[in-house]
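The structure under discussion appears below in the form of structure tokens.
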Amino acid sequence: MPTTDFDPSALRQKYAAERAKRLRADGNDQYLALQGQFAHYLDDPYTPRQARPAKTGHVRFAFIGGGFAGLVTAARLVEAGVEDVCIIDKAGDFGGTWYWNRYPGAQCDTASMVYMPLLEETGHRPSEKYAHAPEILAHCQRIGRHYRLYDHALFHTQVRELVWDAERSHWRIRTDRGDDFSAQFIGLGTGPLHVPKLPGIAGIADFQGHSFHTSRWDYGYTGGDAQGAALDRLADQRVALIGTGATAVQCVPRLAPACRALYVFQRTPSSVDVRANAPIDADWFRAIAATPGWQQRWLENFTANQAGGQASEDWVQDGWTDLARRIRANLMKLPRQALTPQAMLAAYEDSDFEKMNEIRTRVDALVDDPSTAAGLKAWYRQLCKRPCFHDSYLQAFNLPGVQLVDTDGRGVERLSASGVVAAGREYAVDAVIYASGFEVGTPFARRAGFDPVGRDGLRLSGKWAEGMRSLHGCHVRGFPNAFFVQPTQGANLISNVPHNLSESGRTIAAIVAQALRQGQAEVEVSAAAEDAWVALLLSGAGRMIGSADCTPGYYNNEGRDSGMAGKLAVGYPAGPSAYFKYLQDWRDSGRFEGLDWR
Ligand code: NDP
């Protein structure tokens, strides 16, 4: 039921008060890296490491990262006739985030039709509107087989050095497996959220029970499996789960009935909206997939609906498009002459209050205990933190062995040898599971594990010391024949990251094909084109999500002003749909304006 009866100024005050409780002087520095006694948390629990000879020689294209970015780029390169694409990944297979995240209940929050790339090319029909993790991982492997990407892939391999060799016009790549080879072109798709982090809790090193991070789920300890088998080894175990972000929201419903006791330690509640997952009907899918280009049209439709483009119908119809639909409906009520920027911002705020009130009302409807329900209500604007969607998370708190330990914004106080201390009380537990997320906002080189060295010894860390600079988020002056595959400074579309990656993949394949056709050894963005792009980005309205007045989290650098780096972490000012159109024209023109060819 829509809840339109609210007091905007009371809500603003409540949001500000909740935000104030969570602000910390140490911002992003509060988190711990998985080093020292925690380094083993990073071990691969899924695939044994295979001995193999070190790679030498030369390839046309090396791509660092075997997730969606690498897969979609390599697929388009293969289609363009570039067969020797060598994908390098620290994991034991393709999949990226879906390789690592196999925690119980893991599922994609974006609809399969738009999230899973290359459905049309591989002929795969997703089984559900929101696919579960094993199906997405299997799809990554399907892409790998379909495009014969396994033939050249290097798994369980970390790049340690990436250096431009100007004399030979190629990149030299050295890895932790003794590989030493070169590539004419390189792609970097190392992912935004792939280095797990731990909460900086006093005494964390003292805990003597079992512990692990959700991105390396220990099924040996919990029982069950990633395919959904019950976690059958927890019946006598008291488990603490620290964190209530998108990962926790998905694994709590699976942990809740399995543990003797489950304590969920919360610092900030997530907003948890309706999921409404459903199987995909074979006949329906056949009908929509009958015309070539169907997936591209779905991508464009979702992006237009979700991110302020023009679309007469909303095909996906879910929580991501709902807020945008509400804003449009509110704006339609205004007479044309009243459509000022202020009126638009007010319509956005009203729609958000309405949406968040519904989400809070849903908590009361689903959670039996009133004080638990009060603790689970999120008091911030929906896009301040990652919106979540689930149909059994809130109900899990009605089970007898499950307890929400709300820390009122302060977080866990400390860990002891045998438990977790919050608000002065110690909760004795056998295991601590960290659902504490991944590094965001730390330097590229720290997360990637190497610092690319471009022309004249220019390091990427130096180039981006004051924030990212690029053309389209993809081409960086000083780094010839290198392509960064990620959303920032391009469409910056967060609700469906694969749309960004797919468009980059097409563009890179077109550039490489042109270089090969014309016998060009090098392609590099000009300084003028990079400067002009950065100026264009800075002329826009700024960040659309995670503004400074939001409750802290990784969307807004934990509430700390990140200066120029934050101002540059934006997308095309006219929005994602306009960006994709612009990029297609730029690519299809064949002129690739702003790139220098040698
Ligand atoms: P998050 O960073 O979103 O969540 C980490 C959690 O740990 C937060 O609830 C945080 O609280 C909490 N935390 C940190 N420090 C402390 C502390 N000292 N005491 C208590 N709690 C603490 O990580 P997730 O793994 O949940 O999600 C990361 C991202 O991965 C998501 O935002 C999403 O983008 C993606 N994801 C996507 C999915 C999909 O459907 N496609 C599914 C799962 C994840 P606080 O909020 O206060 O900082």
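Read-outs throughout are calculated quantities, based only on the coordinates presented, and are distinct from any laboratory measurement. The model shown is predicted, which means the values in this text are computed figures rather than measured ones. Every residue, glycine as well, gets a Cβ built from its backbone with ideal geometry; the counts of neighbours run over all protein chains shown.
If contacts are Cα pairs under 8 angstrom and at least 6 residues apart, what is the relative contact order of the chain in percent?
Numbers: 1157 pairs, mean separation 119.3, N = 598.
Relative CO of the chain lands at 20 percent.
In debye, nearest 20, what is the charge dipole magnitude of the chain about its Cα centre with +1 on Lys and Arg Cβ and -1 on Asp and Glu Cβ, if you could check?
I would put it at about 540 debye.
Could you please state, rounded to a whole Å, how far the C-alpha centre of segment 246-300 is from the C-alpha centre of segment 1-52?
20
Please give the residues of segment 331-364, grouped as numeric ranges, whose backbone N is less than 20 Å from a label point set 7 Å along the Cα-to-Cβ vector of residue 391.
Those under the cut-off are 358-364.
Taking 0.36 nm per intervening residue step and subtracting the Cα-Cα distance, what contour gain separates residue 328 from residue 276 on full extension?
This chain segment gains 16.4 nm when fully extended.
Can you list the HN-Hα couplings for segment 8-19, worked out from phi with the Karplus curve (6.51, -1.76, 1.60; θ = phi - 60°), rounded to whole Hz and with x for Gly and Pro?
Those phi angles translate into x, 6, 5, 5, 4, 5, 5, 4, 5, 5, 5, 5 Hz.
Using Cα pairs closer than 8 Å and at least 6 residues apart in sequence, work out the relative contact order for segment 474-540, in percent.
Working: 52 pairs, mean separation 25.2, N = 67.
Result for segment 474-540 is 38 percent.
Please list, by residue number, everything in segment 209-244 whose backbone N is under 14 Å from a paramagnetic label point 7 Å out along Cα→Cβ of residue 446.
Zone members listed by number: none at all.
Using a Förster distance of 25 angstrom, determine the FRET efficiency expected from the C-beta separation of residue 598 and residue 296, and round it to 0.05.
Numbers: r = 33 Å, r/R0 = 1.32.
That pair, residue 598 with residue 296, gives E of 0.15.
Tally Lys and Arg at +1 and Asp and Glu at -1 over the other residues with C-beta under 12 Å from the C-beta of residue 29: what net charge comes out?
Net charge in that neighbourhood comes out at 0.
For the chain, can you list the cysteines whose C-beta has no other cysteine C-beta under 4.7 Å from it?
86, 108, 140, 251, 259, 388, 474
Work out the FRET efficiency for residue 176 and residue 338 from their Cβ-Cβ distance, taking R0 = 56 Å, and round it to the nearest 0.05.
Values: r = 61 Å, r/R0 = 1.09.
E between residue 176 and residue 338, to the nearest 0.05, is 0.35.
For the chain, what does -39500 (n - 2.57) per DSSP helix run (n ≥ 4), summed and divided by total residues, give at 222 nm, in deg cm²/dmol to the nearest 500?
Rounded to the nearest 500, it is -9500 deg cm²/dmol.
Need one number: nm distance between label points at residue 206 and residue 585, each 7 Å from Cα along Cα→Cβ, rounded to one decimal.
About 6.3 nm, to one decimal.
With the crude spin-label approximation of a point 7 Å out along Cα→Cβ, what separation in nm comes out for residue 410 versus residue 349?
For the pair residue 410/residue 349, the computed spacing is 3.2 nm.
Taking H placed 1.01 Å from N in the peptide plane, check which residues at least 5 places from residue 483 or on another chain put their amide H under 5 Å from its amide H.
When sequence neighbours closer than 5 places are left aside, the close amide H contacts are 186, 187, 188.
May I ask for the net charge around residue 237, where only other residues with Cβ less than 10 Å from the Cβ of residue 237 are counted and Lys, Arg are +1 while Asp, Glu are -1? Don't skip to the answer; put the middle values down first.
Numbers: positive: 233, 238, 260; negative: 236, 430.
Once positives and negatives cancel, what remains is +1.
Taking a 30 Å limit on the Cα-Cα distance, which of the listed pairs 14/129; 129/333; 14/333; 129/463; 90/377 fall beyond it?
The pairs that break the limit, which is 30 Å between Cα atoms, are 14/129; 129/333; 129/463; 90/377.
Considering only the other residues whose Cβ falls under 15 Å of the Cβ of residue 38, what net charge follows from Lys and Arg at +1 and Asp and Glu at -1?
Within the 15 Å Cβ shell, the charges total -2.
Enumerate the amide H contacts of residue 154 below 5 Å, restricted to partners 5 or more residues apart or on another chain; note that Pro and chain-start residues carry no placed amide H.
Correct list: 87, 88, 89.
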